[in-house]
Each structure stands twice: as structure tokens, then as C-alpha cells.
Amino acid sequence: MKSFIERHGVRLFAALAALVPFLVARFPGVDWEALVPVAAALLGIGEVAQRTEDTKTERARYETSPLDRADLYGPEE
């Protein structure tokens with residue numbers, strides 16, 4: 001379960017974030033003041049997830065691809 005959460009954490013977070021408007025529509029009596037911390041937490045976690053993904057993208061940008069090797073393509077004709 002831990003590896004699933006590590007691999008799909010951002011997707012799980014997005015699904016939970018999508019549930020918030022549904023719950024607000026389902027329970028209209030909830031005060032908006034109670035939703036401010038939820039909105040702040042969603043924005044904060046989303047920012048952390050974005051920075052994590054950006055870091056992985058930057059790290060991958062500097063790795064060489066195994067397909068960059070010239071001997072894979074054979075002699076030029």
C-alpha cells in the first residue's frame with residue numbers, strides 16, 4: 001500500500017481535492033469559515049506536489065538517454 005501511495009500520491013490527492021466541492025454541495029449548511037483551512041491545505045499540498053514533480057523533471061533532463069548512443073543506429077548510408 002505504501003508503494004502505491006508513493007507512486008500515485010498526486011493522483012490520490014487530486015481525487016480527494018475533487019471531493020471537496022461535492023461535499024460542499026451535498027452539505028450546504030457548512031460554514032465557509034470551516035472551508036478556509038481546507039482550501040489552504042489543498043493549495044499548499046498542491047504546491048508541494050508541483051515542486052516535487054518539477055524537481056524530478058529537472059533531474060531527468062540532465063540524464064543521458066540510452067538511445068543517444070551512436071552505435072545503436074548503425075552505419076550511415
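Odds and ends about this structure:
- Pro75, sole failed condition from (1) outside any helix (DSSP H, G or I); (2) at pLDDT 80 or above: (2)
- Hey, Gly29 surrounded by 10 or more Cβ atoms within 10 Å (Cβ to Cβ), modelled with pLDDT of 85 or more and among the small types (Gly, Ala, Ser) or not: no
- Any chance Ala40 is small (Gly, Ala, Ser), modelled with pLDDT of 85 or more and surrounded by 10 or more Cβ atoms within 10 Å (Cβ to Cβ): yes
- Selection count, the stretch 46-72, where residues are of a type in the set (Val, Ile, Thr) and at pLDDT below 85: 1
- Counting only residues that are in contact (Cβ under 8 Å) with a residue 12 or more places away in the chain and either surrounded by fewer than 10 Cβ atoms within 10 Å (Cβ to Cβ) or among the hydrophobic types (A, V, I, L, M, F, W, C) (or both), the stretch 43-72 holds 2 of them.
The values are calculated or read from the model by the stated rules, or taken from the named source; none is laboratory data. Not measured: the values here are computed from a predicted model. Note that we place each Cβ from the backbone using ideal geometry, even for glycine, and neighbour counts take in every protein chain shown.
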